[in-house]
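Participant: This is the structure I have questions about; it appears just below.
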Amino acid sequence: MPNDSTEKDNPNFTNIDNEKVKEIFEIVKRGSEEILVEADLKKKINFSLQEGKPLNIKLGLDPTSPDLHLGHTVVLMKLRELQKLGHKVTLLIGDFTAKIGDPSGRNSTRPVLTDDEIEENSRTYFEQVGLILDMDAVVIRKNSEWANGLSSGEMVRLAGVTTVARMLERDDFTKRYQSGKSISLHEFLYPLMQGYDSVVVNSDLELGGTDQKFNLLMGRDVQRFFGQDVQGILTMPILE
């Protein structure tokens, strides 16, 4: 996706009918909890219509349990709507990040999963997702494809995207820090690696539950750090 100067300086770039952009935006927004940033997403929709190019919609799933749970259907149904609008869905299987463990909502460090456990857990994911999405139109990636090959220098550079103070803004980290519970250093890598996934797949819009907001925002930070146009964020409500 081009930056502001690219669009402004392109003599072939013209605005699509605002009503059409508004109509599509309202479909995307329907049933969602929050969209960040709305103006950015409208701009992406406008560019998609102008160029006839679908948006790249990313959903990350970590195989940390054998089955997807009912709450996943909320996000998957929204992805199905986006598919029907003609946009591309990239399903990111976090077989690398599953080894770190998503710290979202945790009051303790997750146990580290083995490769065999991750493989076993992911076995039925595609079958279950296929009950809702058109899998023929889904791009499937595993983040071990690139994460396993990162050098120590590249990991240090990635760690420089953010600060410890920024990480401690996370509600779950803050509560653990204030209560004296341990926070393992590798847990800070999780949102950074999730953000790096967005860089590799060049995500235009990433979906997740409201508990994923910090991780999704970090994706924008990492994309910006690598000089990429930042993704929009769409959070869906969590089933209690």
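Participant: Are any of the residues in region 105-120 modelled with pLDDT of 80 or more and under 24 Å from L55 (Cα atoms)?
Facilitator: From region 105-120, those modelled with pLDDT of 80 or more are 114-120; that's our starting set.
Cutting the leftovers down to under 24 Å from L55 (Cα atoms) gives us none.
No; the residues of region 105-120 include none that is modelled with pLDDT of 80 or more and under 24 Å from L55 (Cα atoms).
Participant: Does G227 satisfy being out of contact with any helix residue (DSSP H, G or I) (no Cβ under 9 Å at 6 or more places or on another chain), at pLDDT 95 or above and not in a helix (DSSP H, G or I)?
Facilitator: Against the criterion (out of contact with any helix residue (DSSP H, G or I) (no Cβ under 9 Å at 6 or more places or on another chain), at pLDDT 95 or above and not in a helix (DSSP H, G or I)), G227 qualifies.
Participant: Please enumerate the residues belonging to region 203-232 that are among the hydrophobic types (A, V, I, L, M, F, W, C) and within 10 Å of the chain's Cα centre (by Cα).
Facilitator: L205, L207, L216, L217, M218
Participant: May I ask you to list the residues in region 162-202 that are aliphatic (A, V, I, L, M) and within 19 Å of the chain's Cα centre (by Cα)? Spell out the reasoning first.
Facilitator: Restricting attention to region 162-202, the residues satisfying the condition of being aliphatic (A, V, I, L, M) are 164-165, 167-168, 183, 185, 189, 192-193, 199-201.
Of everything in region 162-202, those that are aliphatic (A, V, I, L, M) and within 19 Å of the chain's Cα centre (by Cα) turn out to be M167, L189, L192, M193, V199, V200, V201.
Participant: Still on this structure, please answer the following. Could you identify the single residue in L217, L239, L189 that is in a loop (DSSP other than H, G, I, E, B) and either touching a Pro at 6+ places or on another chain (Cβ under 6 Å) or of a type outside the set (V, I, T) (or both)?
Facilitator: L239
Participant: Which one is least open to solvent (accessible area, probe 1.4 Å), of the residues in region 17-64 that are over 30 Å from A98 (Cβ atoms) and part of a loop (DSSP other than H, G, I, E, B)?
Facilitator: G52
Participant: Going residue by residue through region 223-231, is there one that turns out to be surrounded by fewer than 20 Cβ atoms within 10 Å (Cβ to Cβ), farther than 25 Å from L70 by Cβ and among the polar types (S, T, N, Q)?
Facilitator: Yes.
Participant: While we're on this one: Could you run through region 158-181 and say how many residues are part of a helix (DSSP H, G or I), of a type in the set (D, E, K, R) and touching a helix residue (DSSP H, G or I) at 6+ places or on another chain (Cβ under 9 Å)?
Facilitator: Step one: of region 158-181, the residues part of a helix (DSSP H, G or I) are 158-159, 164-167, 171-178.
Still in the running and of a type in the set (D, E, K, R): 166, 171-172, 175-176.
Filter once more, so that each one left must be touching a helix residue (DSSP H, G or I) at 6+ places or on another chain (Cβ under 9 Å): 166, 171-172.
Of the residues in region 158-181, 3 are part of a helix (DSSP H, G or I), of a type in the set (D, E, K, R) and touching a helix residue (DSSP H, G or I) at 6+ places or on another chain (Cβ under 9 Å).
Participant: Sticking with this structure for a sec: From T73, T64, grab the single residue that is of a type in the set (S, T, N, Q), within 21 Å of D134 (Cα to Cα) and at pLDDT below 95.
Facilitator: T73
Participant: Separate question: Please name all residue pairs, on different chains or six or more residues apart, with Cβ atoms under 8 Å, provided the first residue is in region 114-136 and is of a type in the set (K, R) and the second residue is modelled with pLDDT under 85.
Facilitator: R123/P66
Participant: Sticking with this one: Provide a single number: the residues in region 204-219 that are within 20 Å of A159 (Cα to Cα) and touching a Ser or Thr at 6+ places or on another chain (Cβ under 8 Å). Break it down stepwise before answering.
Facilitator: Looking only at region 204-219, we keep the residues that are within 20 Å of A159 (Cα to Cα), and these are 212-219.
Subsequent filtering for residues that are touching a Ser or Thr at 6+ places or on another chain (Cβ under 8 Å) retains 212-216, 218-219.
Here the count works out to 7.
The values are calculated or read from the model by the stated rules, or taken from the named source; none is laboratory data. All values derive from a computational prediction rather than experimental measurement. Reconstructed Cβ throughout: ideal geometry from the backbone, glycine too, with neighbour counts over all protein chains shown. To get the accessible areas, we keep the full protein, side chains included, count just its heavy atoms, and leave off ligands, DNA and RNA. Shrake-Rupley method; radii C 1.70, N 1.55, O 1.52, S 1.80 Å.
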